[in-house]
Amino acid sequence: MKALLQEVRRNPLLWLLVFVPAVFVAAKLEPEAHTLLFVLSVLAVVPLAALLSHATESVAAKTGDAVGGLLNATLGNLTELVIALTALRAGEHMLVKASIAGAIVTNTLFMLGASFLLGGIKHHVQEFNGVNARLQAGLLFLATIALLVPSLAMQTSSEAAAEFAQTLSARLAVLLIVAYGLGMLFSLKTHKELFASAEHGAEGEAPWPIGLALAALAGVTVLVALVSEVFVESVQKAAEDFGMSQAFVGFIVVALVGGAAEMTSAFAGARKDRLDLSVGIALGSASQIALFVAPVLVLLSYFIGPAPMALDFWPGAMVMMFFATLTASLVTNSGRSAWFVGVLLLMVYLVFAMALYLMPPRP
Amino acid sequence: MKALLQEVRRNPLLWLLVFVPAVFVAAKLEPEAHTLLFVLSVLAVVPLAALLSHATESVAAKTGDAVGGLLNATLGNLTELVIALTALRAGEHMLVKASIAGAIVTNTLFMLGASFLLGGIKHHVQEFNGVNARLQAGLLFLATIALLVPSLAMQTSSEAAAEFAQTLSARLAVLLIVAYGLGMLFSLKTHKELFASAEHGAEGEAPWPIGLALAALAGVTVLVALVSEVFVESVQKAAEDFGMSQAFVGFIVVALVGGAAEMTSAFAGARKDRLDLSVGIALGSASQIALFVAPVLVLLSYFIGPAPMALDFWPGAMVMMFFATLTASLVTNSGRSAWFVGVLLLMVYLVFAMALYLMPPRP
Amino acid sequence: MKALLQEVRRNPLLWLLVFVPAVFVAAKLEPEAHTLLFVLSVLAVVPLAALLSHATESVAAKTGDAVGGLLNATLGNLTELVIALTALRAGEHMLVKASIAGAIVTNTLFMLGASFLLGGIKHHVQEFNGVNARLQAGLLFLATIALLVPSLAMQTSSEAAAEFAQTLSARLAVLLIVAYGLGMLFSLKTHKELFASAEHGAEGEAPWPIGLALAALAGVTVLVALVSEVFVESVQKAAEDFGMSQAFVGFIVVALVGGAAEMTSAFAGARKDRLDLSVGIALGSASQIALFVAPVLVLLSYFIGPAPMALDFWPGAMVMMFFATLTASLVTNSGRSAWFVGVLLLMVYLVFAMALYLMPPRP
């Protein structure tokens, strides 16, 4: 408990924890104040995500590389997973898909781009281990192709096409999880020497004792789930009040909120000239979502929520994922970076964000 | 003749030759047993393809690099060419196009991927001459772009568009053949030192004497043509019986059967850590089909079969060819490989195969 | 004046200057002789473009790298800008867009490809500084993505979509100009040592004195503007007489005419084994048009001409720009070249040119 309090004192991000009780009080007293609830739940999720991230790393530090890697994979995007599960239970498939696509695009363009820019402002030219970047980019590329196929099939809106997309999605989900598992086997076991300096997790911060870490993991997960419920309920209405399109909220706001904690780590790594860490977090997180979170949601949709969910995305989302992945591939290929590389990635992100913001509502 | 028999004894694949007479007998006695004829013709084509491949290499070994290369180009994909010609004569343009697209996708994803995987299981990290890979990938890229244009034009189904696609296809065919010829001039003549260790053809196996090789070439070609006829006639009906979609048969089954012999060589090369050979066969064969076999078929369609054939493909085929080529480009760029690279390629192939298998029949 | 005359004597291209007065005389005497006016204006623009290019470089040589770079950026594609402005004032948005897309495709495929081919015929293997190529390719990639978004939005032809595309285009225009400015800051200021040998401008030719250069700049710009007016007025009718499609004229003819002067410099550089220069001119000019000329035209369209112009392109133009950019990225990645690389680029260009030439007129 003392370690936890110390952490809170050291990390100003955690002061936002005060908003966690505030959300629940507000949801009780003012259940119709959507904008207020939206703002409060965003502010509350950020420090919870940071705690979750630190707890996961503490457990991973104890259990060794193989189990730690698995844990990291399962829990690293826990915030996103919990938000998506809440939306899935509510039958909001569009929001689930927007948050999946948004997390992939935000991680590959915004998190990676801002890391390159922040690192590049401080360091003239930075080098990083290209092997990990190529592995993650390869996995992302595979996922993008896999997601493209049911989306294309859904272009012809017949019943047969919908059934086809559904059956295909379920099988592709299994395929992606297998590919993700093999990717971990490759990077953590058979060829781990190639990934030498690309260790995940923020060194310098002392890991928590295992008991505290596990307790925090359990407790914070429950809190995230509860806050997410308020978030998912309020986000749509609040978006209207702010004049934001639904697509913008799902793609940009949810993704930035869900990834806040990882971004803190990635940016800190970049400024310390540890770009391996930043690239690993950004692309690793994106490929986790594409090859693990998204497939798991598809499989869970058979048990949770009103109807099974297919992996079809609207054409705009496909285009964004394809270009985000292709840009990340081309950019990380050389294993070197300077500030302008970050600018390029951020500019592509801005193009997408602008288009989503201005997009007219569907009739 | 003794060399031929020796070959048969050493190579278990050739025991399948027993199915060649079996096909003809069955076609005579049971002309309506489509499934039986399909299975028998598949089993008969495989050893014939292997013989054809070995005969071609024996002739090429005698005639030197330049003529040998030309021969290899002309005859290396002879099985595919003969199957496609048979379908062309029957006016089955859809089957011709499916088998072209399928051969390109199967060679770049399955043959290359399985080579990387098989090689990578035995050898930790493998290196290969990236120059040849880049040349072939560049040619494939050109062909993909060339095939894209008439396909896009055919999206608007007017008569003018169809005429445009037809005229354009004929000119593009000439262009692709010229590009292919220049590519051979480049790799076999002006810059052959860059392609040093990328020799085609399986060393270790003694080449046949030239007389036997030429006789085998002639005889086996006739046999392949006869078996192909049975195959093309039975494949559609058999597919229905097996519950496979037409697209799956054209794309996957025909491509795997037609490339069986080359695959044997490519996989053997990979296990002997001679990845140059495997990459050369896989990508070389794909670019042969795209820049030589396909254009020749277009030009021949003006003389053979009921109507000239355009180079337009259905959107799904275009997407698959584009992604297969792009994946192969990105993957072979570094000139290094490990088992997981093979897994990634095979996974992309599986995504496509799954989609084709589950695809609902067109109404 | 003497320097100018000396220049004219040395450079046979400038003998074409005789067509400048010829255009004006013909336009006065035979205002309906569209084909004659078209041919004369094409012949007159070429030497004017060459003079403009040399004057710009002379000014740039005096003012130092930073200002010189800015001048080069502003004036390097002045011919294209003036032609486009004339078309914009006439409300010919289709012609403006075709000439933008055409200039990008022609510079990345034809100018770069012919440079590689001409250089490669004389020199076995050529090396160039890949950093500049990657920067320009990255900028082009960003621009292609930015142009793709309004184009996709316009696919659904509702009024809301048109308004959305218009608003988005204006903001994207600002974004692209900012990205272009940051790219110049990067290459001319913060990281200029990485771009060491990629100097722009034709050495060997003595620069003009600054007074002459500025006077030439002003005078020639006016002449180009006047000739462009004749060109834009006559091009449509003349195209019909020649049996060329509108798309072919806008894409190919205008782009080749507008880039004639830069091509002379790029090809000369390639033959002298100074491929840095050629790649810099070809890709630099393409990215100038995409990130500076095109956005400036969008912003100016609010003040000039009948209606504001959006950045939406027809699907075929998007496909061509995307593939031209992707091909250039893949091809320049290694920093080495041989003649066949040039052939590949030229072949892709030929595929596009052929398709545009044969394209049936829109009904």
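The values are calculated or read from the model by the stated rules, or taken from the named source; none is laboratory data. All figures in this text were calculated on a predicted structure; none of them were measured in a lab. Note that we place each Cβ from the backbone using ideal geometry, even for glycine, and neighbour counts take in every protein chain shown. Only protein heavy atoms, including side chains, enter the accessible area calculation; ligands, DNA and RNA are left aside. Shrake-Rupley method; radii C 1.70, N 1.55, O 1.52, S 1.80 Å.
Just a few scattered comments:
- Over chain A, Cα pairs under 8 Å with separation of 6+ residues give a relative contact order of 37 percent.
- Backbone HN-Hα couplings from phi across region C:169-174 [Karplus 6.51/-1.76/1.60, Hz, Gly and Pro as x]: 4, 4, 5, 4, 4, 4
- Per residue, chain C exposes an accessible area of 38 Å² to a 1.4 Å probe, with every protein chain left in place.
- Projecting the alpha carbon convex hull of chain A along each direction and taking the average yields 17.6 nm².
- Adding -39500 (n - 2.57) for every DSSP H run of four residues or longer, then dividing by how many residues chain B holds, sets the calculated 222 nm ellipticity at -23500 deg cm²/dmol.
- Shape of region A:284-363, Cα gyration tensor, a/c cut at 1.5: oblate
- Under-5 Å amide H pairs with B:Asn129, H placed in peptide plane, nonlocal only: B:Asp276
- Based on the Kirkwood approach, the hydrodynamic radius assigned to region C:118-187 is 14.7 Å, with every pair of different Cα atoms included.
- Computed E for A:Glu127/A:Ala22 - FRET, C-beta separation, R0 45 angstrom, nearest 0.05: 0.50
- B:Arg10/C:Lys2 FRET efficiency (R0 56 Å; Cβ-Cβ; nearest 0.05): 0.10
- Descending Cα extents along the principal axes, the protein assembly as shown, whole Å: 90, 86, 51
- Other protein chain Cβ atoms within 10 Å, averaged over every residue that makes up C:332-345: 4
- Whole-percent carbon and sulfur share, accessible surface of chain B, 1.4 Å: 67 percent
- Inter-copy spacing of A:Lys272 label points, which lie 7 Å from Cα along Cα→Cβ, given in nm from shortest upward: 5.1, 5.1
- Across the identical copies, how the A:Leu36 labels are spaced - nm, sorted shortest first, 7 Å along Cα→Cβ: 8.2, 8.2
- Contact order for region C:245-349, expressed relative to its length and based on alpha carbon pairs under 8 Å spaced 6+ residues apart, stands at 11 percent.
- In the B-A interface, the accessible area buried, summed over both sides, Å² (probe 1.4 Å): 2500 Å²
- Evaluating 6.51 cos²θ - 1.76 cosθ + 1.60 at θ = phi - 60° for every residue in region B:267-284, the Karplus couplings come out as 5, 4, x, 5, 5, 8, 6, 10, 5, 3, 4, 4, 5, x, 5, 5, 6, x Hz, glycine and proline recorded as x.
- What the phi angles of region B:305-310 give under the Karplus curve with 6.51, -1.76 and 1.60, with θ = phi - 60°, is a coupling list of x, x, 8, x, 10, 8 Hz, glycine and proline written as x.
- Distances in nm from C:Ala3 to the matching label points in the other copies, shortest first (labels 7 Å along Cα to Cβ): 7.5, 7.5
- Panel note: contact residues of region B:288-327 (accessible area lowered by at least 10 Å² against the chain on its own; 1.4 Å probe) correspond to B:Val319, B:Phe322, B:Phe323, B:Leu326, B:Thr327.
- Comparing the full protein assembly with the isolated chain (1.4 Å probe, heavy atoms, ligands and nucleic acids excluded), the residues of region B:159-177 losing at least 30 square angstrom of accessible area are B:Phe164, B:Leu168, B:Arg171, B:Leu175.
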